[in-house]
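Participant: Following this message is one structure expressed as structure tokens.
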Amino acid sequence: MPDLLIELFSEEIPARMQTRAVEDLKKRITDGLVEAGLTYASAAALTTPRRLTLAVEGLLAESPTIREERKGPKVGAPDKAIEGFLRGAGLTRDQLEERDTPKGAVYFAQIEKPGRPAAAIVAEVLEATIRNFPWPKSMRWGSGPMRWVRPLHSILCILTDEAGAQVVPLEVEGITSGDTTEGHRFMAPNRFAVTSFEDYAAKLKRAFVVLSPEERAEHIWNDAQNMAFAAGLEVVDDKGLLAEVAGLVEWPVVLMGQIDEEFLELPPEVLQTSMKEHQKFFSVKNPKTGRIERFITVANRETADNGATILAGNQKVLSARLADAKFFWENDLRIVKSDGFEPWVERLNTVTFHAKLGSQGERVERIAALAHELAPAVGATPALAMMAAQACKADLSSEMVFEFPELQGLMGRYYAEAAELPPEVGQASEEHYSPLGPSDDVPTAPVSVAVALADKLDTLTGFWVIDEKPTGSKDPFALRRAALGVIRLTLENDIRVSLLDFASIQIERHSEQHAERKKQEASLSGGVNVLGAGLVLAKIGGRDVVRPAPELLEFFHDRLKVFLRDEGIRHDIIDACIAMEGNDDLNLLVKRARALNAVIATEDGENLVQGFKRANNILTQAEEKDGVEYSYGADVKFAETDSEKALFAALDAAQAQIDPALKAEDFPTAMAAMAALRGPVDAFFEDVQVNTDNDILRRNRLNLLSQIRSVCSSVADLTKIEG
């Protein structure tokens with residue numbers, strides 16, 4: 001069985017595209033080979049900045065011969081039908097076989113597709129892959145129609161077996177396949193021939209090319225750590241930057257440089273961001289002070305002066321970059337120390353948040369008002385929460401955040417400290433964007449929590465007002481992330497709030513601001529209707545209040561199901577709890593769902609659900625048949641059997657436990673009391689016929705079933721439980 005080696009050699013491929021490109025190459029080639037009948041033992045794909053490489057081991061030497069029997073038209077069918085069948089089968093009429101079937105004589109064709117050599121199949125598959133490669137961005141060069149991410153220079157394609165290596169003949173837009181490649185662009189630019197993957201990898205390394213991205217990354221990280229350790233420093237971990245830098249070099253040479261003393265007092269995050277974004281440098285910090293004092297850069301070649309010239313050039317460029325950052329920092333500090341945040345907050349009024357939702361300044365007003373109202377629920381001082389919310393977006397007006405948007409929030413903390421604002425204000429500025437993802441830390445400081453909740457609820461209600469909701473996989477305004485943030489903030493801080501109440505409050509603010517903007521735009525004097533598709537009118541306290549349509553709460557519940565799925569809580573269990581009163585209190589809802597999940601996992605709980613469903617089905621059918629509701633009047637004096645009397649007693653005992661437990665929100669106790677009904681309910685159904693001929697007994701027993709339904713339904717809606 002031969003081995004296949006493919007290399008597509010080009011100008012430098014952007015680092016961000018390399019991983020996906022080599023995966024696409026592997027998938028398209030191997031899928032094409034298998035589809036053509038060529039199976040293989042294993043396949044490995046590797047990449048450097050200038051080459052995509054695929055090595056396939058244990059490939060079949062040729063595809064197997066395929067024999068197929070195909071049923072055709074009836075004997076005597078129109079000539080056109082028979083001729084069409086012959087064309088599809090690639091046969092002549094004298095090659096057809098007539099057979100008798102229950103439906104009469106029918107033509108059958110025996111089709112044989114002979115196997116093809118691996119080289120022919122590989123050539124077809126590789127050419128199709130190159131011509132239709134799914135680059136995110138591609139370019140044309142020269143006069144041909146060929147498109148590639150960067151100009152493609154050569155194609156290496158060989159099959160190797162015991163007899164040696166043979167080139168798979170192939171030509172794509174004037175580029176002919178061969179068995180040669182190039183080494184490092186500067187250190188070993190001459191072409192050389194290879195005979196196998198092992199020979200290819202070994203010769204590339206001698207030509208100063210490390211083929212494996214993982215090996216390059218490991219080499220960079222080890223050398224960087226060793227250099228930093230020797231200087232009593234440590235490298236700031238950044239796996240994303242490491243992967244990117246490993247995609248920029250074929251022969252990594254790690255160098256450590258100095259940062260000019262005048263820049264060392266800049267916030268470490270500013271230094272780190274500037275060096276990472278502009279120069280692709282690793283930051284090296286002093287573990288004792290936390291200051292960024294040096295940088296690590298990775299060259300793509302060895303030099304006679306051991307990188308001194310490279311370092312000098314990099315340090316010169318870095319100094320120019322950091323001089324800009326220092327100017328921004330000092331200018332921002334001058335403003336906040338003299339005027340505080342007021343100029344920046346005022347400037348937010350001229351920055352559009354969304355065309356239909358007004359400016360960032362209007363948004364800050366809404367967030368501050370909501371944070372003030374949320375503060376008591378999260379244990380924060382209302383005035384402090386409002387102050388923090390008013391300042392939380394101020395750094396968006398700073399020059400530093402304009403240059404480095406990823407530092408928003410963090411710079412707010414630094415500037416709040418410089419303006420001598422309360423520490424809670426700076427902390428909230430930094431933390432209120434969190435959590436940004438499922439693994440991100442959740443703020444726990446009360447003021448930060450109040451501002452973070454207000455920020456996310458304002459975003460959700462705002463886009464609900466203008467009917468911009470997520471659809472399918474599209475979520476351009478990250479509303480799913482905002483909803484998950486509200487869920488995590490609420491649960492992990494044990495917060496009890498009514499989402500509908502606070503959402504209604506914020507929707508009214510959106511509506512009022514929207515109406516005011518419309519008045520100003522159209523010079524209106526009357527009221528403006530801003531009720532969107534995501535809103536409804538409700539009467540609260542005798543007045544009309546704009547409330548979110550049910551879809552907003554359903555949106556939260558859907559996100560909650562995804563969140564709780566990792567805990568092993570099924571969606572139907574959550575649905576059983578959502579059906580209960582207070583389902584807009586996420587903390588209450590989750591406590592109920594966790595308790596129900598624990599009960600359903602037991603044998604008593606599972607069997608009780610089945611008993612409840614049986615009781616509910618019998619009762620529902622009887623009520624539909626009789627046209628009455630059996631919800632009152634069950635009397636123990638009409639009980640005939642011991643199991644019937646025992647069920648009366650068990651229901652009374654359960655109700656006596658469940659009612660105070662639910663009032664105290666002690667759901668485990670309430671669920672346990674409900675699960676204890678399993679035995680009496682099972683015994684009742686074993687001994688008693690509900691639909692007896694005696695009307696008095698039948699009515700009494702149906703009312704008893706209604707009592708079962710009532711007691712269980714006070715804990716959760718068990719009709720939602722599947723199975």
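Participant: Being in contact with a Phe, Trp or Tyr (Cβ under 8 Å, 6 or more places away or on another chain) and outside the structural domain of Leu156 (by TED's automatic domain parsing) is the filter; apply it to the stretch 107-133 and report the residue that is surrounded by the most Cβ atoms within 10 Å (Cβ to Cβ).
Facilitator: Filtering first and then ranking leaves Tyr107.
Participant: Would you check which residues across the stretch 403-423 are touching a residue at least 60 places away in the same chain (Cβ under 8 Å) and either more than 15 Å from Gln272 (Cβ to Cβ) or under 29 Å from the mean Cα position of the chain (by Cα) (or both) and list them?
Facilitator: Restricting attention to the stretch 403-423, the residues satisfying the condition of being touching a residue at least 60 places away in the same chain (Cβ under 8 Å) are 403-404, 406-407, 410-411, 414-416, 418-419, 421.
Selection gives Glu403, Phe404, Glu406, Leu407, Leu410, Met411, Tyr415, Ala416, Ala418, Ala419, Leu421.
Participant: Oh, and also: Condition first: among the polar types (S, T, N, Q), farther than 29 Å from Glu551 by Cα, surrounded by fewer than 20 Cβ atoms within 10 Å (Cβ to Cβ) and out of contact with any Phe, Trp or Tyr (no Cβ under 9 Å at 6 or more places or on another chain). Can you find one or more residues in the stretch 582-602 that meet it?
Facilitator: To start, the set of residues in the stretch 582-602 that are among the polar types (S, T, N, Q) comprises 583, 587, 597, 602.
Among the residues that remain, those that are also farther than 29 Å from Glu551 by Cα are: 602.
Still in the list and also surrounded by fewer than 20 Cβ atoms within 10 Å (Cβ to Cβ): 602.
Narrowing further to those that are out of contact with any Phe, Trp or Tyr (no Cβ under 9 Å at 6 or more places or on another chain): 602.
Yes: one or more hits.
Participant: Test Val209 against the criterion of being buried (at least 16 other Cβ atoms within 10 Å of the Cβ) and more than 18 Å from Glu12 (Cα to Cα), and give yes or no.
Facilitator: no
Participant: Let me ask something else. Name the single residue that is farthest from Val599 (Cα to Cα) among those in the stretch 563-587 being assigned to a helix (DSSP H, G or I) and without any contact (Cβ under 8 Å) to a residue 12 or more places away in the chain. First the steps, then the outcome.
Facilitator: Going through the stretch 563-587, the residues assigned to a helix (DSSP H, G or I) turn out to be 563-565, 571-578, 586-587.
Retained after the next criterion (residues that are without any contact (Cβ under 8 Å) to a residue 12 or more places away in the chain): 565, 571.
Details: Arg565: 17, His571: 15 Å.
Among them, the one singled out is Arg565.
Participant: Take the stretch 154-166 and flag every residue that is crowded, with 17+ Cβ neighbours inside 10 Å and more than 40 Å from the chain's Cα centre (by Cα). Lay out the reasoning, then the answer.
Facilitator: Within the stretch 154-166, the subset crowded, with 17+ Cβ neighbours inside 10 Å is 154-160, 165.
Hits for the stretch 154-166 are Ile158, Leu159, Thr160, Ala165.
Participant: Still on this structure: Here is a check on your reading of the model: is Ser525 modelled with pLDDT under 90, over 25 Å from the mean Cα position of the chain (by Cα), part of a helix (DSSP H, G or I) and of a type in the set (Gly, Ala, Ser)?
Facilitator: Details: modelled with pLDDT under 90: yes; over 25 Å from the mean Cα position of the chain (by Cα): yes; part of a helix (DSSP H, G or I): no; of a type in the set (Gly, Ala, Ser): yes.
No.
Participant: It is to be established whether one or more residues within the stretch 198-209 are assigned by TED's automatic domain parsing to the domain that holds Leu271 and among the acidic types (Asp, Glu).
Facilitator: There is no residue in the stretch 198-209 that is assigned by TED's automatic domain parsing to the domain that holds Leu271 and among the acidic types (Asp, Glu).
Participant: Right, another one. Kindly establish whether Met227 is assigned to a helix (DSSP H, G or I) and either among the acidic types (Asp, Glu) or within 34 Å of the chain's Cα centre (by Cα) (or both).
Facilitator: Working: assigned to a helix (DSSP H, G or I): yes; either among the acidic types (Asp, Glu) or within 34 Å of the chain's Cα centre (by Cα) (or both): no.
Against the criterion (assigned to a helix (DSSP H, G or I) and either among the acidic types (Asp, Glu) or within 34 Å of the chain's Cα centre (by Cα) (or both)), Met227 does not qualify.
Participant: To continue, here is another question. Given the conditions (1) modelled with pLDDT under 85; (2) crowded, with 17+ Cβ neighbours inside 10 Å; (3) of a type outside the set (Val, Ile, Thr), which single one is not true for Leu5?
Facilitator: It fails just one condition, (1).
Results for (1) over 30 Å from the mean Cα position of the chain (by Cα); (2) aromatic (Phe, Trp, Tyr); (3) assigned by TED's automatic domain parsing to the domain that holds Val447, shown as yes or no for each residue.
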residue: Gly307; (1), (2), (3): yes, no, no
residue: Asp332; (1), (2), (3): yes, no, no
residue: Gly358; (1), (2), (3): no, no, yes
residue: Met387; (1), (2), (3): yes, no, yes
residue: Lys393; (1), (2), (3): no, no, yes
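Participant: Looking at the stretch 233-242, can you tell me whether even one residue there is exposed (fewer than 15 other Cβ atoms within 10 Å of the Cβ), part of a loop (DSSP other than H, G, I, E, B), out of contact with any Gly (no Cβ under 7 Å at 6 or more places or on another chain) and free of Cβ contacts under 8 Å to residues at least 24 places away in the same chain?
Facilitator: Yes; the residues of the stretch 233-242 include at least one that is exposed (fewer than 15 other Cβ atoms within 10 Å of the Cβ), part of a loop (DSSP other than H, G, I, E, B), out of contact with any Gly (no Cβ under 7 Å at 6 or more places or on another chain) and free of Cβ contacts under 8 Å to residues at least 24 places away in the same chain.
Participant: Which pairs have Cβ atoms under 6 Å, sit 6 or more apart or on different chains, and link a residue in the stretch 688-700 that is under 17 Å from Val636 (Cβ atoms) and touching a residue at least 40 places away in the same chain (Cβ under 8 Å) to one that is in a helix (DSSP H, G or I) and of a type outside the set (Gly, Ala, Ser)?
Facilitator: Val688/Glu644; Val690/Ile618; Val690/Arg701; Asn700/Phe638
Participant: Only one of Ile82, Ile111, Ile121 is touching a strand residue (DSSP E or B) at 6+ places or on another chain (Cβ under 8 Å), part of a helix (DSSP H, G or I) and either closer than 30 Å to Gly247 by Cα or touching a residue at least 12 places away in the same chain (Cβ under 8 Å) (or both); which? Spell out how you get there, then give the answer.
Facilitator: Values: Ile111 fails: part of a helix (DSSP H, G or I); Ile121 fails: touching a strand residue (DSSP E or B) at 6+ places or on another chain (Cβ under 8 Å).
Of the residues listed, the single one that is touching a strand residue (DSSP E or B) at 6+ places or on another chain (Cβ under 8 Å), part of a helix (DSSP H, G or I) and either closer than 30 Å to Gly247 by Cα or touching a residue at least 12 places away in the same chain (Cβ under 8 Å) (or both) is Ile82.
Participant: Just the residues that are farther than 25 Å from Val194 by Cα and surrounded by 15 or more Cβ atoms within 10 Å (Cβ to Cβ), please, taken from the stretch 134-153. I'd like the intermediate steps shown before the answer.
Facilitator: Pass one, the stretch 134-153, residues farther than 25 Å from Val194 by Cα: 134-147, 149.
Residues satisfying the conditions are Trp135, Met146, Arg147, Val149.
Participant: Additional query: From the set of residues in the stretch 420-431 that are over 13 Å from Met386 (Cβ atoms) and touching a Ser or Thr at 6+ places or on another chain (Cβ under 6 Å), which is surrounded by the fewest Cβ atoms within 10 Å (Cβ to Cβ)?
Facilitator: Gln427
Participant: If the requirement is being of a type in the set (S, T, N, Q) and either in contact (Cβ under 8 Å) with a residue 24 or more places away in the chain or buried (at least 22 other Cβ atoms within 10 Å of the Cβ) (or both), which of these qualifies: Thr444, Thr471? It would help to see each step written out before you state the result.
Facilitator: Details: Thr471 fails: either in contact (Cβ under 8 Å) with a residue 24 or more places away in the chain or buried (at least 22 other Cβ atoms within 10 Å of the Cβ) (or both).
None of the other options fit; the residue is Thr444.
Participant: When residues of the stretch 424-441 are filtered for being farther than 18 Å from Ala371 by Cα, of a type outside the set (S, T, N, Q) and free of Cβ contacts under 8 Å to residues at least 24 places away in the same chain, how many remain?
Facilitator: Here the count works out to 2.
Participant: If you don't mind, there's one more thing I want to ask. Inspect all residues belonging to the stretch 625-637 and state whether any of them is modelled with pLDDT under 90 and closer than 22 Å to Ala595 by Cβ. Before the answer, list the steps.
Facilitator: Of all residues in the stretch 625-637, those modelled with pLDDT under 90 come to 625-637.
Adding the requirement that they be closer than 22 Å to Ala595 by Cβ leaves none.
No, every residue in the stretch 625-637 fails to be modelled with pLDDT under 90 and closer than 22 Å to Ala595 by Cβ.
Participant: For Val447, state whether it is among the β-branched types (Val, Ile, Thr), within 29 Å of Glu554 (Cβ to Cβ), in a helix (DSSP H, G or I) and at pLDDT 95 or above. Before the answer, list the steps.
Facilitator: Values: among the β-branched types (Val, Ile, Thr): yes; within 29 Å of Glu554 (Cβ to Cβ): no; in a helix (DSSP H, G or I): yes; at pLDDT 95 or above: yes.
It is false that Val447 is among the β-branched types (Val, Ile, Thr), within 29 Å of Glu554 (Cβ to Cβ), in a helix (DSSP H, G or I) and at pLDDT 95 or above.
Participant: If you don't mind, there's one more thing I want to ask. In the stretch 189-206, which residue that is in contact (Cβ under 8 Å) with a residue 12 or more places away in the chain, part of a helix (DSSP H, G or I) and not hydrophobic (A, V, I, L, M, F, W, C) is nearest to Leu5 (Cα to Cα)?
Facilitator: Tyr200
Participant: Would you mind telling me which numbered condition in (1) over 50 Å from the mean Cα position of the chain (by Cα); (2) surrounded by 14 or more Cβ atoms within 10 Å (Cβ to Cβ) Tyr632 fails?
Facilitator: Here Tyr632 meets the rest and fails (2).
Participant: Taking the stretch 452-468 only, how many residues are crowded, with 21+ Cβ neighbours inside 10 Å and either closer than 15 Å to Leu553 by Cα or β-branched (Val, Ile, Thr) (or both)? Reasoning before the result, please.
Facilitator: From the stretch 452-468, those crowded, with 21+ Cβ neighbours inside 10 Å are 452-465; that's our starting set.
Imposing the further condition that a residue be either closer than 15 Å to Leu553 by Cα or β-branched (Val, Ile, Thr) (or both) reduces the set to 456-465.
Going through the stretch 452-468 one residue at a time, the tally reaches 10.
Participant: Checking the condition in contact with an Asp or Glu (Cβ under 7 Å, 6 or more places away or on another chain) and not assigned by TED's automatic domain parsing to the domain that holds Ala503, which residue from Gly568, Gly605, Gly611 passes?
Facilitator: Details: Gly568 fails: in contact with an Asp or Glu (Cβ under 7 Å, 6 or more places away or on another chain); Gly605 fails: in contact with an Asp or Glu (Cβ under 7 Å, 6 or more places away or on another chain).
Going through Gly568, Gly605, Gly611 in turn, the sole match is Gly611.
Participant: Here's a follow-up. From the list Arg294, Arg301, pick out the single residue that is assigned to a loop (DSSP other than H, G, I, E, B) and buried (at least 16 other Cβ atoms within 10 Å of the Cβ).
Facilitator: Unique residue meeting the criteria: Arg301.
The values are calculated or read from the model by the stated rules, or taken from the named source; none is laboratory data. Because the structure is a prediction, the values reported are computed rather than measured. Positions of Cβ are generated from backbone atoms using ideal geometry, with glycine treated the same way; all protein chains shown enter the neighbour counts.
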